[in-house]
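**Q** I have a structure here, written as structure tokens, and I will follow up with some questions on it.
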Amino acid sequence: MKVKLSIKPLVIALSLFGATAALADINIGVSVSATGPAAVLGGPQKNTAQLFPTSIAGEKINWIVLDDASDPTATAKNVAKFLSETKVDMLMTGTTTPGVMAAAGPAADSKTPLIALAPNRLDGEKFKWTFTMPQPIGLMAEPLLEHAKSKVYKTVAFLGYHPDAYGEVWIKAMEALSPKYGVTFGPIEGFARTDTSVAGQVIKLVSLKPDAVLVVASGSPAAMAHAALSERGYKGQIYQTHGAPSPVFLKNGGKAVENGILVAGPVLEWEQLPDSHPSKKVSGEYAKAYEAKYGQNSLSSFGGHMWDGWAIASRAIPVALKKAKPGTAEFRAALRDAIESEREIAGVHGVFNFSPTDHSGFDGRARVLLQVQNGAFKVISK
């Protein structure tokens, strides 16, 4: 069903939604990195949450939004508050992969559906209760490798978060997929999310002359690493993951990121999509709502993961309400089952079709290739 959105400011205070919440209220706990190193990702997610409606199917929704300051330990503490004090029916949590990992255990233990806002690798009960909004790493790696094959690149090096959960999932995906495309993956040079220089790593890579370099980072660090390669005279192709595309990347990278190729979800350059693309309409609705509140050119793909979380919840909640009341274990279980069984949920990043073995739900409609041309992102492959 479609839900009319009302743009109202949220009251972001846990105390307002404690024991006074009515039994019929639907409580949703949101923990995002609104501050700290991952704020370029979590800020748009917090902003997006303020666009959500406060009722659905005749039931009130209480949105409890907390900042984890880019600290997975704080994410875990926020989730513990949601589960013990507010008895949330659903979690939308984890701006970063470490944040998702911190939330997945408590979500599974309490049998609470978790809408994860960052890529992850989960199994068992953690997988059963977690539904991931960003596209699977393997799905996003394929078009980069296809491009490398088309250009007859034989080596693709790694420069990115390592050791780090996000970097690790990309390394595993590239190691598994690159032989299929005739590409040798490596060498691997890592840096931390908080590093302000990658000069040493870049000197090593430039001296080895790989045909291409894959930068695996997000926001400002992605731009910093890309610029360092350009400034050291690297002439090969520089690729970026879907953690990078944002206004901050373009602003901070400037001319140094020209001609870089990035894989991304459809939302960032939705106007360049064909009218037949299932994400074009919903992306336009999100973009217009977001920029009406936060300003022109403020749209970020990271907030789109939060928007997609609501698209999924808005389909699942009416189904679950037919089986149980909010605030109960039965309702949480019904929510989880509804998310898993609903089909063709159009989001800004693609179309979701979850199953018991697939809690990503995406297909090829969830990715495009972008190239930085004249300081802007241009779709070069749909």
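**Q** Could you please tell me which pairs satisfy a Cβ distance under 7 Å, a separation of 6+ or placement on different chains, a first residue in region 129-140 that is within 27 Å of Lys180 (Cα to Cα), and a second residue that is assigned to a strand (DSSP E or B) and not charged (D, E, K, R)?
**A** Thr132/Ala116; Met133/Ile115; Met133/Ala116; Gln135/Gly350; Met140/Val263
**Q** Across region 327-342, what is the number of residues that are of a type in the set (Val, Ile, Thr) and surrounded by 17 or more Cβ atoms within 10 Å (Cβ to Cβ)?
**A** Result for region 327-342: 1.
**Q** I'd like to know if region 240-251 contains one or more residues that are under 25 Å from Pro37 (Cα atoms) and modelled with pLDDT of 95 or more.
**A** yes
**Q** What about Gly167, is it part of a strand (DSSP E or B) and small (Gly, Ala, Ser)?
**A** no
**Q** Tell me which residues, restricted to region 188-204, are closer than 12 Å to His226 by Cα, out of contact with any Phe, Trp or Tyr (no Cβ under 7 Å at 6 or more places or on another chain) and either in contact (Cβ under 8 Å) with a residue 40 or more places away in the chain or of a type in the set (Val, Ile, Thr) (or both).
**A** Matches in region 188-204: Val202 only.
**Q** For region 343-372, enumerate the residues that are of a type outside the set (A, V, I, L, M), in contact with a Gly (Cβ under 6 Å, 6 or more places away or on another chain), surrounded by 23 or more Cβ atoms within 10 Å (Cβ to Cβ) and not in a loop (DSSP other than H, G, I, E, B).
**A** Hit for region 343-372 is Phe352, nothing else.
**Q** Further question on the same structure: Could you identify the single residue in Gly295, Gly303 that is on the phi > 0 side of the Ramachandran plot, assigned by TED's automatic domain parsing to the domain that holds Arg343 and not basic (Lys, Arg)?
**A** Gly295
**Q** Continuing with this model, one more query. Buried (at least 23 other Cβ atoms within 10 Å of the Cβ) and either modelled with pLDDT of 95 or more or not assigned by TED's automatic domain parsing to the domain that holds Gly94 (or both) - does that describe any residue in region 318-325?
**A** So far as region 318-325 goes, yes, one or more of its residues are buried (at least 23 other Cβ atoms within 10 Å of the Cβ) and either modelled with pLDDT of 95 or more or not assigned by TED's automatic domain parsing to the domain that holds Gly94 (or both).
**Q** In region 75-97, what count of residues is obtained for those that are surrounded by fewer than 24 Cβ atoms within 10 Å (Cβ to Cβ) and either in contact with a Ser or Thr (Cβ under 8 Å, 6 or more places away or on another chain) or more than 22 Å from Val40 (Cα to Cα) (or both)?
**A** 7
**Q** Taking only pairs six or more apart or across chains, which ones have beta-carbon atoms under 9 Å, a first residue in region 365-382 that is farther than 19 Å from Ile345 by Cα, and a second residue that is of a type in the set (Ser, Thr, Tyr)?
**A** Leu369/Ser381; Leu370/Ser381
**Q** Condition first: more than 19 Å from Ser283 (Cβ to Cβ), touching a helix residue (DSSP H, G or I) at 6+ places or on another chain (Cβ under 7 Å) and β-branched (Val, Ile, Thr). Now tell me which residues in region 333-381 satisfy that.
**A** Listed by number, the residues that qualify are Ile339, Val372.
**Q** Still on this structure, I have one more. Looking only at region 264-283, count every residue that is over 13 Å from Gly347 (Cβ atoms) and small (Gly, Ala, Ser) and tell me the total.
**A** 2
**Q** Report, ordered by the first and then the second residue, all pairs with beta carbons closer than 6 Å, sequence separation of six or more or different chains, a first member in region 171-187 that is under 15 Å from Pro143 (Cα atoms), and a second member that is crowded, with 17+ Cβ neighbours inside 10 Å and at pLDDT below 95.
**A** Ala173/Ile137
**Q** Please give the number of the condition Leu229 fails out of (1) out of contact with any strand residue (DSSP E or B) (no Cβ under 8 Å at 6 or more places or on another chain); (2) at pLDDT 95 or above; (3) assigned to a helix (DSSP H, G or I).
**A** For Leu229, the exception is condition (1).
**Q** Scan region 51-74 for residues that are among the charged types (D, E, K, R) and either surrounded by 24 or more Cβ atoms within 10 Å (Cβ to Cβ) or at positive phi (or both) and jot them down.
**A** Asp68
**Q** Next up: So the check is Cβ under 8 Å with 6+ separation or different chains; which pairs have a first residue in region 56-68 that's of a type in the set (Phe, Trp, Tyr) and a second one that's surrounded by fewer than 19 Cβ atoms within 10 Å (Cβ to Cβ) and assigned to a loop (DSSP other than H, G, I, E, B)?
**A** So the pair list comes out as Trp63/Leu10; Trp63/Thr54.
**Q** Among residues belonging to region 292-315 that are modelled with pLDDT of 95 or more, among the aliphatic types (A, V, I, L, M) and more than 13 Å from Lys46 (Cβ to Cβ), point out the one that is surrounded by the fewest Cβ atoms within 10 Å (Cβ to Cβ).
**A** Taking the candidates together, the pick is Ala292.
The values are calculated or read from the model by the stated rules, or taken from the named source; none is laboratory data. This is a predicted model, so every value here is computed, not measured. Heads up, the Cβs are rebuilt from the backbone with ideal geometry, glycines too, and the neighbour counts pull from every protein chain shown.
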